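S.K.: Structure provided below as structure tokens; questions to follow.
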Amino acid sequence: MTKPFASSTDTETKTDTLEILGKGVYALTAEGDPNVGAIEGEDFVVAIESRATPAASRDWLRILREQTDKPVRYLVLTHYHAVRVLGASAFDAGDIIMSDASRELVAERGEQDWKSEFGRMPRLAKNAEEVPGLTWPTITFATEHDIDLGGDRGKLELRFLGRGHTGGDIAVWHDKTRTLFAGDLVEAKAALYTGDAYHFDWAGRTLDNVKAYRAENLIGGRGAVARGVAQTDAAVEQTRKFLNGMIENVGRAHKAGGSLREAFEATRDALAPEFGSWPIFEHCLPFDVQRLWDEYDGIEHPRIWTAERDREVWDKLQN
Ligand SMILES: [Zn+2]
């Protein structure tokens with residue numbers, strides 16, 4: 001018997017939950033599907049993350065429009081992954097903001113990533129034919145970019161905190177409500193996707209930088225909103241524990257001259273008791289282990305995932 005590819009047989013619709021974290025501060029979680037958010041300025045809205053397609057983004061905008069009818073002035077994208085960016089056109093945003101590094105990744109691998117991610121998670125690709133093309137930013141920055149929200153609403157600080165889930169992730173900090181949108185740098189009870197990651201940087205300095213905010217609200221890439229510093233710390237440390245478990249087990253197999261499959265099996269055995277029931281664990285792990293193996297092989301820049309390479313690695317490790 002062969003194991004169904006990635007999340008290709010996951011067809012169960014998830015329920016969206018809007019959380020209001022402060023005046024004009026919104027997070028939409030979806031039972032382990034990708035999270036999105038928004039912050040109201042005095043005269044405009046800043047949307048944080050798109051969904052995978054315009055139709056999926058419109059579902060989110062309908063919920064947001066029950067709270068505010070201000071126009072979306074800025075759409076902030078924490079990283080380049082297709083399920084986070086390809087629904088951007090629905091926002092009709094004045095500007096789309098990413099890091100310089102994310103823009104380079106869109107140019108280098110956006111097309112391949114689109115096919116790869118929609119193949120892995122077809123359920124998220126609602127009305128995929130409406131995607132008008134790759135999503136390009138109109139504003140980019142190297143490490144820091146601020147947005148003044150106007151009135152007494154404070155400002156948003158967009159920051160590159162080091163390489164992590166990808167080479168270009170940014171976090172979005174609202175000091176006034178001590179809220180951090182961490183993108184896929186942190187997951188709350190959802191498995192980590194690390195197929196394009198820099199595991200060693202992420203597990204070290206980058207997560208230290210995330211934790212240093214001492215956020216009262218932390219919205220990760222997937223899973224529930226963490227509330228209160230004890231919970232936000234716990235979400236960061238869960239993420240680090242997942243990464244360190246991978247680093248330890250893949251590293252041991254690599255050092256001993258073992259095979260990729262041995263590394264995969266050891267990692268799954270080690271992580272499954274704590275993380276195995278979390279969304280997308282079995283889906284992510286083959287891609288995660290392959291990328292970390294590559295890092296141990298000295299491959300600095302992540303290899304590009306294509307629909308074909310996805311299947312090869314899946315068949316090698318999961319079947
Ligand atoms: Zn991602």
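The values are calculated or read from the model by the stated rules, or taken from the named source; none is laboratory data. Just so it is clear, the structure is predicted and the values come from calculations on it, not from any experiment. Counting neighbours? That spans all protein chains shown, and the Cβs are built from the backbone with ideal geometry, glycine included. Heavy atoms of the whole protein, side chains included, go into the accessibility calculation; ligands, DNA and RNA do not. Shrake-Rupley method; radii C 1.70, N 1.55, O 1.52, S 1.80 Å.
S.K.: So if R0 is 45 Å, what FRET efficiency would residue 2 and residue 152 give, r being the distance between their Cβ atoms, rounded to the nearest 0.05?
M.R.: 0.20
S.K.: May I ask for the distance between the Cα centers of the stretch 236-279 and the stretch 1-79, given as a whole number of Å?
M.R.: Going from one Cα centre to the other spans 30 Å.
S.K.: Give the whole-number value, in cubic angstrom per residue, of the convex hull volume spanned by the C-alpha atoms of the stretch 258-312.
M.R.: Considering the Cα atoms of the stretch 258-312, their hull volume per residue is 90 Å³.
S.K.: While we're on this one: Could you check which residue among 286, 132, 273 shows the biggest mean-square fluctuation in a GNM of the chain with a 10 Å Cα cutoff?
M.R.: Looking only at 286, 132, 273, the largest GNM fluctuation is found for 273.
S.K.: If you bin the C-alpha pair distances of the stretch 147-257 every 10 Å from 0, what whole percents do you get?
M.R.: 15, 46, 27, 9, 2, 1, 0
S.K.: Cα axis of helix 229-255 to longest principal axis of the chain: angle in degrees, 0 to 90, nearest 10?
M.R.: Once rounded, one gets 30 degrees.
S.K.: For q values of 0.11, 0.16 Å⁻¹, compute log₁₀ I(q)/I(0) with the Debye formula on a Cα-only model of the stretch 213-319, without solvent.
M.R.: -0.41, -0.79
S.K.: Along the Cα-to-Cβ line of residue 308, 7 Å from the Cα, sits a label point; which residues in the stretch 99-139 have backbone N less than 18 Å from it?
M.R.: Residues 109-120 qualify, since their backbone N sits under 18 Å from the label point.
S.K.: Return a whole-number percent for the relative contact order of the chain, with Cα pairs under 8 Å and 6 or more residues apart as the contact set.
M.R.: Relative contact order here is 17 percent.
S.K.: Here is a follow-up. With the cut-off at 1.5 for a/c, could you classify the stretch 40-129 from its C-alpha gyration tensor as rounded, prolate or oblate?
M.R.: Verdict is oblate for the stretch 40-129.
S.K.: Cα to Cα, under 16 Å, and not fewer than 8 places away if on the same chain: which aspartates and glutamates meet these conditions relative to residue 255?
M.R.: Reachable aspartates and glutamates: 265, 294, 295, 297.
S.K.: Then there is this: With angles folded into 0 to 90 degrees, how steeply does helix 100-120 sit against the dominant principal axis of the chain? Use alpha carbons for both and round to 10.
M.R.: 60
S.K.: While we're on this one: If you fit an axis through the alpha-carbon atoms of helix 281-296 and take the longest principal axis of the Cα set of the chain, what angle between them do you get, 0 to 90°, nearest 10?
M.R.: For helix 281-296, the angle is close to 70 degrees.
S.K.: Same structure again: Would you look at the GNM of the chain, springs on alpha carbons closer than 10 Å, and say which of 171, 230, 101 moves the most?
M.R.: 230
S.K.: Further, regarding this structure: Percentage of Cα-Cα pair distances in the chain greater than 28 Å, rounded to whole percent?
M.R.: Taking all Cα-Cα pairs of the chain, the fraction more than 28 Å apart is 35 percent.
S.K.: Rank-order 149-159, 85-95, 251-261 by packing density, defined as the average count of other C-beta atoms within 10 Å over each peptide's residues, highest first.
M.R.: 85-95, 149-159, 251-261
S.K.: Here is a follow-up. Only Cα pairs under 8 Å and at least 6 apart count here; give the relative contact order of the stretch 174-222 as a rounded whole percent.
M.R.: Relative contact order of the stretch 174-222: 70 percent.
S.K.: If you roll a 1.4 Å probe over the chain with all protein chains in place, what percent of the accessible area is carbon or sulfur?
M.R.: 49
S.K.: Helix-only mean residue ellipticity at 222 nm, the chain, DSSP H runs n ≥ 4 weighted -39,500 (n - 2.57), per residue, nearest 500. What is it?
M.R.: After summing the helix terms and dividing by residue count, I get -11500 deg cm²/dmol.
S.K.: In the neighborhood of residue 138, defined by Cβ-to-Cβ distances under 12 Å, what is the net charge if each Lys or Arg adds +1 and each Asp or Glu adds -1?
M.R.: My count for the surroundings of residue 138 gives +1.
S.K.: May I pose another question? Just list whichever of 176/241; 14/189; 3/126; 3/241 have alpha carbons separated by over 19 Å in the model shown.
M.R.: 176/241; 3/126; 3/241, as the Cα separations exceed 19 Å there.
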